[in-house]
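See structure below.
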Amino acid sequence: MVLWLGPDDTLYLPHWGASGGSVAEAYLPRVSPNRPSEAGFLDGQPLAYPAYGMSTFKEPCLVVQTEGGARGVRFEFVSDAIDGDSLELQFQDPLLHLQVTLRFRVYAVLDLVARSVLLRNLGSQTLLLERVLSAALPLPPDQYDALTLHGQWGREFTLHQQPLHPGRLTSGSTRGLSSHEAHPWFAVRPRGEQAEHHGRVWFGSLAWSGNWLLVFDGERNDALNIVIGMHPFDFSWRLGPNESFESPELVCGYSEAGIGGASRLLHRFEETHQLPANHRERPRPVLYNSWEATGFDVQVDQQVELARRAAAMGVELFVVDDGWFGARDHDRAGLGDWTVNLQKFPNGLRELIDEVHRLGMGFGIWVEPEMVNPDSELFRAHPDWAYHALDRTATLGRNQLVLNFARPAVREAIYSQLHAVLSEHGRVDFVKWDHNRAWTEVGWPEQPTQQREVWVRHVLGLYEVLGRLRAAFPHLLIESCAGGGGRADLGVLRWTDQVWTSDNTDAADRLTIQYGYSLAHSPRVMVNWVTDVPNAQTGRVAPLEFRFHVAMQGVLGIGGDIAEWSASDLASAAALVAQYKQLRPLVQHGRQYWLRPPAAIGPCGVQYVAEDGAATAVMLYQVRGLRGAGARRMRLRHLQAERGYRREADGVKSTGAALMAAGITADLVNTGDRHPTLDWRSSVQVWRAV
Ligand code: GLA
């Protein structure tokens with residue numbers, strides 16, 4: 001990434017990509033590839049951080065005005081400083097008395113740069129920040145395709161590719177939370193370079209759990225300006241004298257190993273830098289979650305029985321989902337009251353916690369702390385604590401309202417309730433932190449000057465509460481959930497250890513959902529459950545083994561009603577859990593290569609391989625086959641070419657070179673049977689160097 005301070009202190013980013021040496025001047029174009037429309041204009045120029053007030057017509061990163069009406073920002077360069085792997089470039093606008101610090105943290109080994117901006121008001125007037133995006137990423141004139149992830153509840157993270165044309169293509173969220181309908185991740189590649197494993201890809205992931213905006217801004221002469229950051233929608237921030245404001249980080253990078261290469265860089269970043277340090281390296285436990293089995297109808301005896309069966313299956317963490325607290329017999333009451341329901345647990349939670357621990361498992365609970373049901377003690381005492389617009393009725397979503405986490409008193413009340421639950425009943429090892437509705441009527445009429453700041457203050461408040469809990473209970477693992485993968489971003493993954501990927505647990509749909517998720521996030525933070533058939537969302541009936549094989553792609557969980565499982569299913573499940581534990585180091589700590597992405601018909605496959613290439617797990621799937629088209633060669637990746645390898649299940653031998661050149665056959669067609677089974681076929685095989 002080359003930065004150049006040009007005339008008038010304008011900061012350019014003339015090159016971002018392959019490196020051919022360290023003489024920065026060599027990367028500066030002798031002749032601008034993109035002439036502006038007037039000599040004094042900056043349109044089409046590769047600016048590192050365009051602001052409204054510069055002579056550009058680009059999508060800007062920064063819009064500021066004073067209360068007195070002065071508008072527009074002009075940068076004057078002040079200083080540069082390098083501290084370790086971080087570069088800080090400081091500018092200021094002497095008219096606004098605004099200091100702007102552009103930050104670049106370099107992760108050289110990962111080919112990643114984390115960019116952010118810090119604003120500081122050096123004057124005596126309040127400044128109004130109308131837009132503060134994290135970064136602009138210019139690319140030289142060419143034809144590009146954009147890759148983005150979209151979805152909705154039950155269908156998160158579907159990969160979309162579309163050609164970029166002149167004009168703007170935008171994506172983002174204005175729902176309060178980051179990732180249900182669109183995910184704050186993107187990739188761009190030159191049109192025509194389409195392979196999973198090679199080709200140039202520029203990509204980024206925004207570490208923010210609230211509203212966000214991404215614009216692909218196709219400029220004159222086919223230059224591309226990409227900007228991303230907190231969404232300016234309904235946002236305005238009053239920056240008083242001496243106050244500062246910091247944008248979230250954009251983690252961006254470049255790979256020549258296709259979209260798969262890009263994903264592995266982001267995985268490594270999450271695993272080595274972003275995830276909370278205390279559990280970063282810890283293998284994620286196999287969990288059982290009782291939601292699909294018992295819904296709101298939780299009872300101590302029934303949970304103890306589930307826990308015994310789970311333990312016998314090899315489960316390591318038992319989680320009681322919704323329904324254990326307040327008057328929570330259904331989704332119309334109870335949110336906001338985080339005390340144990342004594343009808344369901346007459347002796348408190350301790351009885352169950354002790355039994356779960358005695359069975360050798362960790363214990364976890366579900367919470368949804370940013371929400372309140374109107375039918376709750378909390379709401380009756382503090383109706384103004386939920387977001388509301390003056391003199392308007394608040395719209396319910398899943399019968400609940402969103403608490404104003406921008407208010408310190410709200411955060412304090414919720415934190416102290418959670419603190420009590422986590423400390424008064426014995427050791428709680430795990431929390432699933434949910435968030436089940438998008439925000440509407442996002443107002444705070446009692447605090448009119450801060451009303452448009454709540455979008456940001458809420459998210460910062462969430463991070464603060466998560467941080468306090470982590471400090472108070474360092475052993476606690478926290479899972480982020482928002483009706484599935486509604487808040488699964490790099491920001492929340494600084495404060496939580498894993499993510500519930502989707503409420504859709506249908507094994508066929510999961511292949512697509514998990515593929516998309518895995519482009520942006522590590523298998524170590526992707527939680528997948530094996531649930532009952534027919535599937536609760538789709539009615540499909542997938543074999544038990546297939547469901548397990550799909551769930552093994554990340555953090556394995558079981559979410560079915562195991563009280564109803566047959567003895568033979570329980571025995572098969574125990575064997576599959578044991579198999580997963582063998583593979584877990586490869587899945588959670590290895591590198592992931594999609595050998596063939598999921599397709600509607602035919603086989604797909606994914607490979608997890610140890611860093612040194614000495615062992616690999618290959619997972620193959622076919623939901624629906626086509627007669628005569630089931631067998632496909634899958635060329636393995638990242639093995640040691642000169643070494644011999646042995647397949648664990650049957651002792652078949654090969655070499656790294658052969659496995660990478662000729663590959664293995666995805667043998668998903670059962671040709672031995674009189675009526676070959678083409679559908680729901682899967683296999684998991686492990687190869688180890690000998
Ligand atoms: C959300 C979660 C589910 C479950 C329910 C409980 O939908 O995504 O896994 O926890 O809430 O109400």
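Examine the stretch 110-133 for a residue that is in contact (Cβ under 8 Å) with a residue 40 or more places away in the chain, closer than 22 Å to L493 by Cα, open to solvent by 30 Å² or more (accessible area, probe 1.4 Å) and of a type in the set (V, I, T), and state whether such a residue exists. No; the residues of the stretch 110-133 include none that is in contact (Cβ under 8 Å) with a residue 40 or more places away in the chain, closer than 22 Å to L493 by Cα, open to solvent by 30 Å² or more (accessible area, probe 1.4 Å) and of a type in the set (V, I, T). Listed by first and then second residue, the pairs with beta-carbon distance under 8 Å, at least 6 apart or on different chains, first residue in the stretch 305-317 and open to solvent by 60 Å² or more (accessible area, probe 1.4 Å), second hydrophobic (A, V, I, L, M, F, W, C), are E305/A563; R308/L359; R309/I562; R309/A563; R309/W565; R309/L570; A312/L570; A312/A574.
Name the one entry in L177, L133, L128 that is farther than 30 Å from A70 by Cα and among the aliphatic types (A, V, I, L, M).
Numbers: L133 fails: farther than 30 Å from A70 by Cα; L128 fails: farther than 30 Å from A70 by Cα.
Every option except L177 fails the conditions.
A quick yes/no check of all residues on (1) in contact with a Pro (Cβ under 9 Å, 6 or more places away or on another chain); (2) under 16 Å from D297 (Cβ atoms); (3) within 12 Å of the ligand (Cβ to nearest atom):
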| residue | (1), (2), (3) |
| --- | --- |
| W324 | no, yes, yes |
| D331 | no, yes, yes |
| W338 | yes, no, no |
| L342 | no, yes, no |
| F345 | no, yes, no |
| L349 | no, no, no |
| L352 | no, yes, no |
| H357 | no, no, no |
| F363 | no, no, no |
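Contact map, the stretch 319-330: residues that are open to solvent by 10 Å² or more (accessible area, probe 1.4 Å) paired with residues that are near the ligand (Cβ under 10 Å from one of its atoms), Cβ distance under 8 Å, separation 6+ or inter-chain. Pairs shown: G326/L335; D329/F296; D329/G323; H330/F296. Residues in the stretch 479-524 that are outside any loop (DSSP other than H, G, I, E, B), within 11 Å of the ligand (Cβ to nearest atom) and surrounded by fewer than 24 Cβ atoms within 10 Å (Cβ to Cβ): there are none.
In the stretch 257-287, the qualifying residues are those that are small (G, A, S) and assigned to a helix (DSSP H, G or I), and the one that is farthest from I478 (Cα to Cα) is G258.
Which ones in the stretch 288-304 are open to solvent by less than 10 Å² (accessible area, probe 1.4 Å), within 12 Å of the ligand (Cβ to nearest atom) and either part of a helix (DSSP H, G or I) or out of contact with any helix residue (DSSP H, G or I) (no Cβ under 8 Å at 6 or more places or on another chain) (or both)?
As a first pass, look at the stretch 288-304 and keep what is open to solvent by less than 10 Å² (accessible area, probe 1.4 Å): 288-290, 298, 303.
Those still in the list that are within 12 Å of the ligand (Cβ to nearest atom) too: 289-290, 298.
Within the stretch 288-304, N289, V298 meet the criteria.
How many residues, within the stretch 427-470, are in contact with a Gly (Cβ under 6 Å, 6 or more places away or on another chain), assigned to a helix (DSSP H, G or I) and polar (S, T, N, Q)?
Qualifying residue count, the stretch 427-470: 1.
Pairing each residue of the stretch 480-498 that is within 13 Å of P276 (Cβ to Cβ) and small (G, A, S) with any residue that is away from the ligand (no atom under 14 Å from the Cβ) and not in a loop (DSSP other than H, G, I, E, B), provided the two are 6+ apart or on different chains, yields C-beta distances under 7 Å for S480/V492. Within the stretch 529-549, the set of residues being among the aliphatic types (A, V, I, L, M) and part of a strand (DSSP E or B) comprises just one member, V530. Looking only at the stretch 364-404, how many residues end up being assigned to a loop (DSSP other than H, G, I, E, B) and either under 31 Å from the mean Cα position of the chain (by Cα) or closer than 29 Å to S423 by Cβ (or both)? Number satisfying all stated conditions: 16. Taken together, the residues in the stretch 305-322 that are within 13 Å of the ligand (Cβ to nearest atom) and over 16 Å from W366 (Cβ atoms) amount to 0.
Scanning the stretch 640-662 for residues that are outside any helix (DSSP H, G or I), closer than 16 Å to V686 by Cβ and either open to solvent by less than 20 Å² (accessible area, probe 1.4 Å) or small (G, A, S) (or both) yields G644, Y645, A649, G651, S654.
The values are calculated or read from the model by the stated rules, or taken from the named source; none is laboratory data. Computed from a predicted structure; not experimentally measured. Cβ atoms come from the backbone with ideal geometry, glycine included; neighbour counts cover every protein chain shown. Calculation scope for accessible area: heavy atoms of the full protein, side chains included, ligands and nucleic acids excluded. Shrake-Rupley method; radii C 1.70, N 1.55, O 1.52, S 1.80 Å.
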